1. From the phi angles alone, apply the Karplus equation (6.51, -1.76, 1.60; θ = phi - 60°) to the stretch 82-88 and give each ³J(HN,Hα) in whole Hz, x where the residue is Gly or Pro.
2. Taking amide hydrogens as modeled 1.01 Å from N in the peptide plane, which residues meet the under 5 Å criterion relative to ALA126, leaving out close sequence neighbours?
3. Charges only on Cβ, +1 for Lys and Arg, -1 for Asp and Glu: so what's the dipole of the stretch 12-67 about the Cα centre, in debye to the nearest 20?
4. Hey, quick one: spin label on ASN85, modelled 7 Å out along Cα-Cβ, who in the stretch 40-65 has an amide N within reach, i.e. under 17 Å?
5. Within a Cβ distance under 15 Å of ALA81, other residues only, what is the Lys/Arg minus Asp/Glu net charge?
6. Please report the antiparallel percentage of DSSP beta bridges with both residues in the stretch 52-127, rounded to the nearest 5.
7. Given charges of +1 on the Cβ of Lys and Arg and -1 on the Cβ of Asp and Glu, with all other atoms neutral, how large is the dipole of the chain about its Cα centre, in debye to the nearest 20?
8. Can you give the helix-only mean residue ellipticity at 222 nm for the chain, where every DSSP H stretch with n ≥ 4 adds -39500 (n - 2.57) and the sum goes over all residues, rounded to the nearest 500 deg cm²/dmol?
Amino acid sequence: MALRPHAAADHLVVGRIGERAAEVAYVRRGYRVVARNWRSRVGELDLVLARGGVVVVCEVKTRRGWRFGEPWQAVDARKQAKLRNVAQAFLIASGLRPESVRFDVASVTVANGGASDAVVRVFEDAF
């Protein structure tokens, strides 16, 4: 079954809303954004943030509802391994030498498709 042309674009918009909502949640907690949607041939990191000597690699998962489960449930063992590899590439490319690296998952639900109703749950040290 093929996606409707606007369905794929809509999915990207919802993803961007979720990433922005997660970013705002971190900034409010005193983190600074180091990188957004950092890409390499290995893969992509949604958000890289820092506070103190800690660098946080955050995978953001956004859904419109719970029909397919909670958004965070999409970050399986395979995805976690990939994120570790991409994070290593990022650290090498950026030259950052943090005291520690933490992997978080931001689970964002957008009920009506708008940024104003986004609910963000951050799972720190998720894997």
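Just so you know, all these numbers are worked out from the coordinates, no wet-lab data involved. Given the structure is predicted, the values throughout are model-derived calculations rather than measurements. Cβ coordinates were reconstructed from backbone atoms using ideal geometry, including for glycine residues, and neighbour counts include every protein chain displayed.
1. For the stretch 82-88, the Karplus curve yields 5, 4, 4, 5, 5, 4, 4 Hz.
2. Distant-sequence amide H within range of ALA126: PHE103, ASP104, VAL105.
3. On the way: 13 positive and 5 negative charges, 37 e Å.
The dipole of the stretch 12-67 has a size of about 180 debye.
4. In the stretch 40-65, the label zone of ASN85 (backbone N under 17 Å from the point 7 Å along Cα→Cβ) covers 40-46.
5. Spelling it out: positives minus negatives among the neighbours equals +1.
6. Restricted to the stretch 52-127, the bridges split so that about 40 percent are antiparallel.
7. Details: 21 positive and 13 negative charges, 40 e Å.
Magnitude of the dipole: close to 200 debye.
8. Result for the chain, helices only: -11500 deg cm²/dmol.
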